[in-house]
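Worksheet: the structure to be examined is printed underneath.
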Amino acid sequence: MGMMKIFKRKKIQGIDDTHYLTLKEEIRISKENNKIIRQFERRKARRNVDESEYLTQMRDPSNVVEFDELHTYFYTEVGTVKAVNGVSFDIPEGKIIGVVGESGCGKSVTSLSLMQLVQAPQGQIVSGSIRYKASDGKCYDVTKMPTSEMLKIRGKDIAMIFQEPMTSLNPVFRIGEQMDEVVLLHDSSATPESARKRSIEMLNLVGIAMADKVYSSYPHELSGGMRQRVMIAMALSCDPRLIIADEPTTALDVTIQAQILDLLRSVMNRINGSIMLITHDLGVIAEMADEVVVMYAGRIIEKGSVREIFHNPRHPYTIGLMKSKPGKATQGERLYSIKGQVPNPINMPDHCYFYNRCDHRMEICSKAYPEMLQFSPTHFSSCYLYDENKVGDTKNVKESE
Ligand SMILES: Nc1ncnc2c1ncn2[C@@H]1O[C@H](COP(=O)(O)OP(=O)(O)O)[C@@H](O)[C@H]1O
Ligand SMILES: [Mg+2]
């Protein structure tokens, strides 16, 4: 038995501890995964599902999307990665919602869940709901929709813009062909001529001067900023009500970044839609967002209006992010960075996930996970520092250490 254990071990890392899997454990995990995955996939593949199963009502009719206790997991060979672990927030109509957090916090998986584009079969929405108000006025719970139904709404009302447009554009087709295809796909009455007209119109709209020339170019002939403009033009061509922009300017240099952000903002006003803006860059959030959601290791640890988050951040993680913003350090000073790193959300503890990196940790912080506390109608954070019932009777761990 001892031999078996040494024989095949995979290192896995939880929040603090490192532990090794035995072959037996691995086989057990794999069996369990297969069983769970099969159930989920069977559910999604069903045909002729009655609409009543996934029609729902918005909690607040002025929202386009409501995430409600969303849990999205990956069933991997080393265990269950709880990439999104109980996330709730709203995207109101006509607003820009910034989602911020270090890399690996679950921002992308949250947005992919909304599109039912989480990498299956290992990635699955496990529980919670995502209510979505479509342009036909109906409200759908995306988590309960069979794939065949989801295909009808995906991309029609919701458009996505990614970090690196080179990977979203097909290198072997000209820009125009790819743009026309989107128009033709979404508008059954479009003809090749009307599609071309619309594509050129959209290229003009995003500030591309020689639209005709770009229309007949290949992606590699354009600069990064230009390609991102093309992606925005493409996203616009089907009149989306919601644009999901996942790190849209991360691959661009600073001056181009500002232009693209300006463009996004003007585009949003034009379509009177909403933007879910995902970024690790607080500077971008400050420029753009109306409301901010701060994620850490698959959970929301703070949310509020942009003013509240920037002028009165509560959670030590948010405060740390603020301090590590470039431009904060004065000349010659080293830029602050939060020590440690985002844990791999496997075998997460019951206590606060930020515990091992936090300068303010207290005894209580290693016990139950802190509840969301409310500071204003819009400002929430989950941290014991502000829990009057809990703070009084505990000492700072650091003092007692
Ligand atoms: N296909 C996948 N398989 C396994 N784990 C994944 C997969 N995609 C993402 N994850 C994990 O989910 C977590 C959240 O990832 P992600 O949403 O991409 O983070 P962010 O966008 O905030 O940088 C990470 O720990 C990541 O390793
Ligand atoms: Mg991401």
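A few comments on the model shown:
- Percent RCO, i.e. relative contact order, over region 38-176, from Cα pairs under 8 Å lying at least 6 residues apart: 29 percent
- Take every pair of alpha-carbon atoms less than 8 Å apart whose residues are at least six positions apart; their mean separation over the length of region 258-375 yields a relative contact order of 17 percent.
- Violating pairs (Cα-Cα greater than 31 angstrom) within the set Lys82/Lys133; Lys44/Lys133; Lys107/Lys197; Lys339/Lys367; Lys107/Lys156; Lys339/Lys390: Lys107/Lys197
- The ranking of Ser337, Ser189, Ser237 from fewest to most other beta carbons within 10 Å of each one's beta carbon is Ser189, Ser337, Ser237.
- Among Ser129, Ser62, a tally of other beta-carbon atoms within 10 Å of each Cβ gives an order, fewest to most, of Ser62, Ser129.
- The dipole here belongs to the chain: it is taken about the Cα centre, uses +1 on the Cβ of Lys and Arg and -1 on the Cβ of Asp and Glu, and is about 1100 debye.
- Gyration tensor (alpha-carbon) shape descriptor, the chain, a/c threshold 1.5: prolate
- Counting charges near Ala289 (Lys, Arg +1; Asp, Glu -1) among other residues having Cβ under 12 Å from its Cβ returns a value of -1.
- Working note: Cα gyration tensor of region 53-152, eigenvalues times five, square-rooted, sorted largest first, giving semi-axes of 23, 17, 11 Å.
- The relative contact order of the chain, computed from alpha carbon pairs under 8 Å that lie at least 6 residues apart in sequence, is 18 percent.
- Neighbour net charge for Ala251 - beta-carbon separation under 15 angstrom, K R +1, D E -1: -3
- Cα shape, region 185-344, gyration tensor, a/c 1.5 rule: prolate
- Arg265 paired with Ala368, simple spin-label distance in nm, labels 7 Å along Cα-to-beta-carbon: 4.3 nm
- Ranked for footprinting exposure by Cβ neighbours inside 10 Å, fewest first, Thr22, Thr72, Thr378 give Thr378, Thr22, Thr72.
- Selected from Phe380, Met179, Ile338, residue furthest toward positive end of dipole (the chain; charges at beta carbon): Ile338
- Bridging of Lys325 to aspartates and glutamates at a Cα separation below 20 Å is possible for Glu102, Asp246, Glu247, Asp253, Asp281, Glu287, Asp290, Glu291, Glu302, Glu308, Glu333, Asp359, once same-chain residues fewer than 8 apart are set aside.
- Extension gain for Ser62-Tyr336 works out to 94.7 nm (0.36 nm per residue, less the C-alpha to C-alpha distance).
Read-outs throughout are calculated quantities, based only on the coordinates presented, and are distinct from any laboratory measurement. None of these values were measured; they are calculated from a predicted model. Note that each Cβ is placed from the backbone with ideal geometry, even for glycine, and that neighbours are counted across all protein chains shown.
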